[in-house]
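K.L.:
This is the structure I want to talk about, given as structure tokens.
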Amino acid sequence: PGAPQPANAAAVIAVIARAVGLVQAGECAAVCTAPIHKQALHEGAGFGFPGHTEFLAHLAGDVPVVMMLASDAIAPPLRVVPATIHIALASVPSALTPALLRQTILLTHAGLRTDFGIASPRLAVAGLNPHAGEGGAMGHEEADWIAPLIAEMRTEGLLLTGPHPADTLFHPAARARYDAAICMYHDQGLIPFKLLHFSDGVNTTLGLPIIRTSV
């Protein structure tokens, strides 16, 4: 018990697909997934997805999605959305593009409106580099394209701030100023979230045509 078993991989993959199918058919209202062991799924059944989020997007017709972790157990509520998810840290700078960040912001904005009932979502965007680049001393992505993209999307009517230094984005006063934080990579958002909400946080996938949550 508790040991990953590649021999079970095909059954695990099949039951995820069955759960999604039940919701798509209207027989169930939502999917709540349990943890999976990605290496065991890959070794046992050639699972070709980095994690649940990407597999669920595929099952829904390869729709664009984002992963949001959310909790309101401690005021103010915290919601974080990483722009890049299950990739190596070394791959983040090349994977993080203006198109991807724009898509992440738009999906988060839409999800907060439709799934959380927030009419005018306030989104805080973290920088990629320490201190959000500190004027180019610690990186140039913020000045080169992240800040200009935020400014451009503000003119489109979105309530955006940033790029913010990630190390000052998660204390209570900062959290009170936004409805969700857009983070640049997995650990930038998930470490502070799990520090604060390890036992009460919920993972939900925005962009799917069904409701999916996870512990």
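K.L.:
Using amide H atoms built in the peptide plane, which far-off residues or other-chain residues are under 5 Å from Val31 H to H?
P.N.:
Ile211, Arg212, Thr213
K.L.:
For the range 95-176, what is the relative contact order in percent, using Cα pairs closer than 8 Å and at least 6 residues apart in sequence?
P.N.:
30 percent
K.L.:
At a threshold of 8 angstrom on Cα-Cα distance, excluding pairs fewer than six apart, so keeping six or more, what relative contact order does the chain reach in percent?
P.N.:
29 percent
K.L.:
For Leu128, which sequence-distant residues (separation of 5 or more, or a different chain) have an amide H within less than 5 Å of its own amide H, given hydrogens modelled in the peptide plane?
P.N.:
Glu142
K.L.:
If you filter the range 22-63 for GluC sites (Glu not before Pro), then keep DSSP loop positions with at most 11 other Cβ within 10 Å, what is left?
P.N.:
The qualifying sites are Glu27.
K.L.:
Using 0.36 nm per residue of separation minus the Cα-Cα distance, give me the extension gain between Ala176 and Ala99 in nm, one decimal.
P.N.:
Working it through step by step, the gained length comes to 24.9 nm.
K.L.:
Also: How far apart, in nanometres, would the label points at Asn8 and His140 be if each is projected 7 angstrom from Cα along the Cα-to-Cβ direction?
P.N.:
Inter-label distance under the simple model: 5.0 nm.
K.L.:
Now for a separate question. Using only Cα atoms, find the angle between the long axis of helix 186-197 and the longest principal axis of the chain, and express it within 0 to 90 degrees, rounded to the nearest 10.
P.N.:
Tilt relative to the chain: about 80 degrees.
K.L.:
According to a simple spin-label model (label point 7 Å from Cα along Cα-to-Cβ), what is the distance in nm between Ile118 and Ala17?
P.N.:
3.6 nm
K.L.:
Can you give the accessible area per residue of the chain, in Å², using a 1.4 Å probe?
P.N.:
I get 49 Å² per residue for this part.
K.L.:
Output wanted: per-residue J couplings in Hz (rounded whole) for the range 207-215, from phi through Karplus 6.51 cos²θ - 1.76 cosθ + 1.60, θ = phi - 60°, x for Gly and Pro.
P.N.:
x, 6, x, 10, 8, 10, 10, 8, 5
K.L.:
With the cut-off at 25 Å, report for the range 1-125 the share of all Cα pairs above it, as a whole percent.
P.N.:
Counting pairs separated by more than 25 Å, the tail of P(r) holds 38 percent.
K.L.:
Assuming R0 = 25 Å, can you tell me the calculated FRET efficiency for the pair Ala90 and Cys32, based on Cβ-Cβ distance, to the nearest 0.05?
P.N.:
0.15
K.L.:
Report in % the part of the accessible area of the range 1-70 that belongs to carbon and sulfur, leaving out ligands and nucleic acids; probe 1.4 Å.
P.N.:
Here it works out to 59 percent.
K.L.:
Helix 9-24 versus the longest principal axis of the chain: what angle, 0 to 90°, nearest 10, using Cα atoms?
P.N.:
Taking Cα atoms only, the helix is inclined about 70 degrees.
K.L.:
With the full set of protein chains in place, find how many percent of the accessible area of the range 168-215 is carbon and sulfur; take the probe as 1.4 Å.
P.N.:
Reported share for carbon and sulfur atoms: 64 percent.
K.L.:
For the chain, take the longest principal axis of its alpha carbons; what is the angle in degrees between that and the long axis of helix 98-114, to the nearest 10 within 0 to 90?
P.N.:
70 degrees
K.L.:
Ratio to report: Rg/Rh of the range 100-169, with Cα atoms as the point set and Rh obtained by the Kirkwood method; give two decimals.
P.N.:
A ratio of 1.01.
K.L.:
Once all Cα-Cα distances of the chain are split into 5 Å bins that start at 0, what whole-number percent is in each one?
P.N.:
Histogramming the chain at 5 Å steps yields 1, 7, 14, 18, 19, 16, 12, 7, 4, 1, 0, 0 percent.
The values are calculated or read from the model by the stated rules, or taken from the named source; none is laboratory data. In this text, all values refer to a predicted model and were calculated from it rather than measured experimentally. Note: ideal-geometry Cβ built from the backbone for every residue, glycine included; neighbour counts use all protein chains shown. With ligands, DNA and RNA removed, areas are computed over all heavy atoms of the protein, side chains included. Shrake-Rupley method; radii C 1.70, N 1.55, O 1.52, S 1.80 Å.
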